[in-house]
1. Can you give the calculated 222 nm mean residue ellipticity of the chain, where each DSSP H run of n ≥ 4 adds -39,500 (n - 2.57) and the sum is split over every residue, rounded to the nearest 500 deg cm²/dmol?
2. Over the chain, what percent of the accessible surface lies on carbon and sulfur atoms, probe 1.4 Å?
3. Provide Rg over Rh for the chain; use the alpha carbon set for both Rg and the Kirkwood Rh (inverse mean inverse pair distance).
4. When all protein chains stay in place, what accessible area (Å², nearest 10, 1.4 Å probe) is found for TRP193?
5. Which residue, ALA185, ALA42, ALA151, tops the fluctuation ranking in a GNM of the chain built on C-alpha contacts under 10 Å?
6. Mind ranking LEU10, LEU88 by accessible surface for me, highest first, 1.4 Å probe?
7. Just need the relative contact order of the chain here, percent rounded to a whole number, with Cα pairs under 8 Å and 6+ apart.
8. Which one, ASP22, ASP38, ASP159, has the greatest fluctuation when you compute a Gaussian network model over the chain with C-alpha springs under 10 angstrom?
Amino acid sequence: MSDFLAFAQLGFRHITDPNGLDHVLFLLVLAAIYRPADWRPALWVVTAFTVGHSVTLALALTGLLALPTPLIEFLIPVTIVATAIENLVQRDRQDGWWMRARPVFAGIFGLVHGAGFANYLRSLFVDDLAVPLVGFNVGLELGQVLVLAGAFAAFAALDRLIGLVKLPARAPAPVRLRVIAVSSAVAVVACAWAVERSPW
(Lines give C-alpha, C1' and ligand atoms only; values in the text may rest on other atoms or scores of the structure.)
Protein backbone atom coordinates (compact mmCIF):
# COMPACT_ATOMS: atom_id res chain seq x y z
CA MET A 1 0.00 0.00 0.00
CA SER A 2 1.31 3.47 -0.86
CA ASP A 3 2.14 6.01 1.81
CA PHE A 4 -0.67 8.21 0.50
CA LEU A 5 -3.33 5.51 0.96
CA ALA A 6 -1.92 4.47 4.32
CA PHE A 7 -2.14 8.00 5.68
CA ALA A 8 -5.53 8.56 4.03
CA GLN A 9 -6.81 5.53 5.95
CA LEU A 10 -5.21 6.90 9.10
CA GLY A 11 -6.97 10.24 8.64
CA PHE A 12 -10.30 8.54 7.95
CA ARG A 13 -9.98 6.30 11.00
CA HIS A 14 -8.96 9.24 13.18
CA ILE A 15 -12.20 11.12 12.53
CA THR A 16 -14.41 8.01 12.82
CA ASP A 17 -12.65 6.64 15.92
CA PRO A 18 -14.45 7.12 19.27
CA ASN A 19 -11.21 8.63 20.60
CA GLY A 20 -11.75 11.51 18.16
CA LEU A 21 -15.11 12.36 19.71
CA ASP A 22 -14.17 15.99 20.36
CA HIS A 23 -13.63 16.46 16.61
CA VAL A 24 -16.95 14.77 15.81
CA LEU A 25 -18.81 16.93 18.34
CA PHE A 26 -17.30 20.04 16.79
CA LEU A 27 -18.54 18.93 13.37
CA LEU A 28 -22.02 18.21 14.80
CA VAL A 29 -22.36 21.61 16.43
CA LEU A 30 -20.89 23.29 13.34
CA ALA A 31 -23.49 21.59 11.12
CA ALA A 32 -26.41 21.85 13.56
CA ILE A 33 -27.83 25.05 12.03
CA TYR A 34 -28.15 23.54 8.55
CA ARG A 35 -30.97 21.53 7.05
CA PRO A 36 -30.19 18.61 4.72
CA ALA A 37 -31.00 20.85 1.74
CA ASP A 38 -28.22 23.20 2.93
CA TRP A 39 -25.50 20.58 2.47
CA ARG A 40 -23.45 22.82 0.15
CA PRO A 41 -22.84 25.68 2.64
CA ALA A 42 -22.31 23.10 5.38
CA LEU A 43 -19.69 21.33 3.28
CA TRP A 44 -18.01 24.67 2.57
CA VAL A 45 -17.79 25.42 6.31
CA VAL A 46 -16.38 21.96 7.05
CA THR A 47 -13.85 22.35 4.24
CA ALA A 48 -12.76 25.72 5.68
CA PHE A 49 -12.24 23.92 8.97
CA THR A 50 -10.10 21.32 7.15
CA VAL A 51 -7.99 24.06 5.54
CA GLY A 52 -7.44 25.68 8.94
CA HIS A 53 -6.28 22.53 10.66
CA SER A 54 -4.16 21.57 7.63
CA VAL A 55 -2.22 24.85 7.91
CA THR A 56 -1.46 24.39 11.61
CA LEU A 57 -0.71 20.71 11.12
CA ALA A 58 1.84 21.48 8.41
CA LEU A 59 3.47 24.26 10.45
CA ALA A 60 3.67 22.10 13.58
CA LEU A 61 5.03 19.03 11.80
CA THR A 62 7.74 21.03 10.05
CA GLY A 63 8.82 22.50 13.38
CA LEU A 64 7.81 26.07 12.49
CA LEU A 65 5.17 26.15 15.21
CA ALA A 66 5.32 24.68 18.69
CA LEU A 67 2.30 24.87 20.98
CA PRO A 68 1.98 23.38 24.47
CA THR A 69 -0.19 20.26 24.45
CA PRO A 70 -2.17 21.12 27.65
CA LEU A 71 -3.20 24.48 26.20
CA ILE A 72 -4.32 22.93 22.90
CA GLU A 73 -6.26 20.17 24.66
CA PHE A 74 -8.05 22.88 26.65
CA LEU A 75 -8.75 25.14 23.65
CA ILE A 76 -10.32 22.35 21.56
CA PRO A 77 -13.45 22.06 23.77
CA VAL A 78 -13.50 25.85 24.08
CA THR A 79 -13.97 26.07 20.29
CA ILE A 80 -16.85 23.61 20.59
CA VAL A 81 -18.53 25.66 23.33
CA ALA A 82 -18.03 28.89 21.37
CA THR A 83 -19.68 27.38 18.28
CA ALA A 84 -22.59 26.06 20.36
CA ILE A 85 -23.12 29.49 21.91
CA GLU A 86 -23.06 31.08 18.44
CA ASN A 87 -25.78 28.61 17.38
CA LEU A 88 -27.93 29.57 20.36
CA VAL A 89 -27.44 33.34 20.09
CA GLN A 90 -27.56 33.88 16.33
CA ARG A 91 -31.18 33.34 15.36
CA ASP A 92 -31.41 35.14 12.03
CA ARG A 93 -29.72 32.77 9.59
CA GLN A 94 -30.91 34.87 6.65
CA ASP A 95 -28.31 37.51 7.53
CA GLY A 96 -25.98 37.10 4.56
CA TRP A 97 -22.82 38.62 6.04
CA TRP A 98 -22.82 36.27 9.04
CA MET A 99 -23.27 33.16 6.95
CA ARG A 100 -20.41 34.30 4.70
CA ALA A 101 -18.21 34.89 7.76
CA ARG A 102 -18.93 31.49 9.29
CA PRO A 103 -16.32 29.62 7.20
CA VAL A 104 -13.71 32.13 8.41
CA PHE A 105 -14.46 31.28 12.04
CA ALA A 106 -14.47 27.56 11.19
CA GLY A 107 -11.04 28.00 9.61
CA ILE A 108 -9.72 29.84 12.69
CA PHE A 109 -11.02 27.10 14.99
CA GLY A 110 -9.48 24.58 12.58
CA LEU A 111 -6.09 26.11 13.41
CA VAL A 112 -6.59 25.00 17.03
CA HIS A 113 -7.73 21.49 16.10
CA GLY A 114 -4.79 21.13 13.70
CA ALA A 115 -2.39 21.62 16.59
CA GLY A 116 -4.12 18.73 18.34
CA PHE A 117 -3.66 16.54 15.26
CA ALA A 118 0.03 17.51 15.17
CA ASN A 119 0.58 16.14 18.66
CA TYR A 120 -1.01 12.89 17.52
CA LEU A 121 0.92 12.61 14.25
CA ARG A 122 4.36 14.01 15.04
CA SER A 123 5.85 10.60 15.86
CA LEU A 124 4.46 9.03 12.66
CA PHE A 125 6.05 11.43 10.17
CA VAL A 126 9.65 10.92 9.19
CA ASP A 127 11.51 12.53 6.26
CA ASP A 128 8.95 13.23 3.54
CA LEU A 129 6.01 15.23 4.91
CA ALA A 130 4.14 16.15 1.73
CA VAL A 131 2.57 12.81 0.75
CA PRO A 132 1.62 11.70 4.29
CA LEU A 133 0.22 15.15 5.12
CA VAL A 134 -1.93 15.32 1.98
CA GLY A 135 -3.04 11.70 2.43
CA PHE A 136 -4.00 12.26 6.06
CA ASN A 137 -6.00 15.38 5.18
CA VAL A 138 -7.81 13.64 2.30
CA GLY A 139 -8.79 10.78 4.60
CA LEU A 140 -9.84 13.23 7.30
CA GLU A 141 -12.01 15.16 4.85
CA LEU A 142 -13.70 11.96 3.64
CA GLY A 143 -14.36 10.99 7.25
CA GLN A 144 -15.83 14.43 7.92
CA VAL A 145 -18.15 14.09 4.92
CA LEU A 146 -19.31 10.73 6.31
CA VAL A 147 -19.93 12.28 9.74
CA LEU A 148 -21.76 15.18 8.10
CA ALA A 149 -23.99 12.80 6.10
CA GLY A 150 -24.85 10.87 9.26
CA ALA A 151 -25.53 14.13 11.12
CA PHE A 152 -27.90 15.35 8.41
CA ALA A 153 -29.81 12.05 8.49
CA ALA A 154 -30.12 12.33 12.28
CA PHE A 155 -31.12 16.00 12.05
CA ALA A 156 -33.83 15.23 9.49
CA ALA A 157 -35.22 12.46 11.72
CA LEU A 158 -35.14 14.75 14.76
CA ASP A 159 -36.88 17.56 12.85
CA ARG A 160 -39.60 15.15 11.80
CA LEU A 161 -39.99 13.83 15.35
CA ILE A 162 -40.27 17.35 16.77
CA GLY A 163 -42.79 18.19 14.06
CA LEU A 164 -45.04 15.36 15.27
CA VAL A 165 -45.21 16.83 18.76
CA LYS A 166 -48.02 19.27 19.44
CA LEU A 167 -46.21 22.42 20.47
CA PRO A 168 -47.58 25.74 21.74
CA ALA A 169 -48.33 28.31 19.06
CA ARG A 170 -45.40 30.49 20.11
CA ALA A 171 -42.88 27.65 20.17
CA PRO A 172 -39.88 27.97 17.84
CA ALA A 173 -39.88 26.06 14.55
CA PRO A 174 -38.76 22.40 14.70
CA VAL A 175 -35.40 23.23 13.11
CA ARG A 176 -34.73 25.92 15.73
CA LEU A 177 -35.70 23.53 18.52
CA ARG A 178 -33.28 20.96 17.12
CA VAL A 179 -30.49 23.55 16.96
CA ILE A 180 -31.16 24.45 20.60
CA ALA A 181 -31.23 20.80 21.73
CA VAL A 182 -28.10 19.70 19.85
CA SER A 183 -26.09 22.82 20.68
CA SER A 184 -27.02 22.72 24.37
CA ALA A 185 -26.16 19.03 24.74
CA VAL A 186 -22.82 19.41 22.97
CA ALA A 187 -22.00 22.56 24.98
CA VAL A 188 -22.53 20.69 28.28
CA VAL A 189 -20.16 17.88 27.23
CA ALA A 190 -17.54 20.31 25.90
CA CYS A 191 -17.73 22.46 29.05
CA ALA A 192 -17.01 19.36 31.13
CA TRP A 193 -14.01 18.57 28.91
CA ALA A 194 -12.73 22.14 29.20
CA VAL A 195 -12.89 21.95 33.00
CA GLU A 196 -11.12 18.57 33.02
CA ARG A 197 -8.41 19.77 30.64
CA SER A 198 -7.89 23.20 32.14
CA PRO A 199 -4.13 23.86 32.42
CA TRP A 200 -4.80 26.02 35.47
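1. Working: 7 runs with 154 residues, N = 200.
Calculated mean residue ellipticity at 222 nm is -27000 deg cm²/dmol.
2. On the way: 7320 of 10520 Å².
Here it works out to 70 percent.
3. Details: Rg = 17.6 Å, Rh = 17.6 Å.
Answer for the chain: 1.00.
4. Spelled out: TRP193, probe radius 1.4 Å, area about 40 Å².
5. Of ALA185, ALA42, ALA151, the most mobile in the Gaussian network model is ALA185.
6. Details: LEU10 30, LEU88 60 Å².
Solvent-accessible surface, decreasing: LEU88, LEU10.
7. 43 percent
8. Maximum among the listed residues: ASP38.
The values are calculated or read from the model by the stated rules, or taken from the named source; none is laboratory data. This is a predicted model, so every value here is computed, not measured. Areas reflect the complete protein model, heavy atoms only, side chains present, ligands, DNA and RNA absent. Shrake-Rupley method; radii C 1.70, N 1.55, O 1.52, S 1.80 Å.
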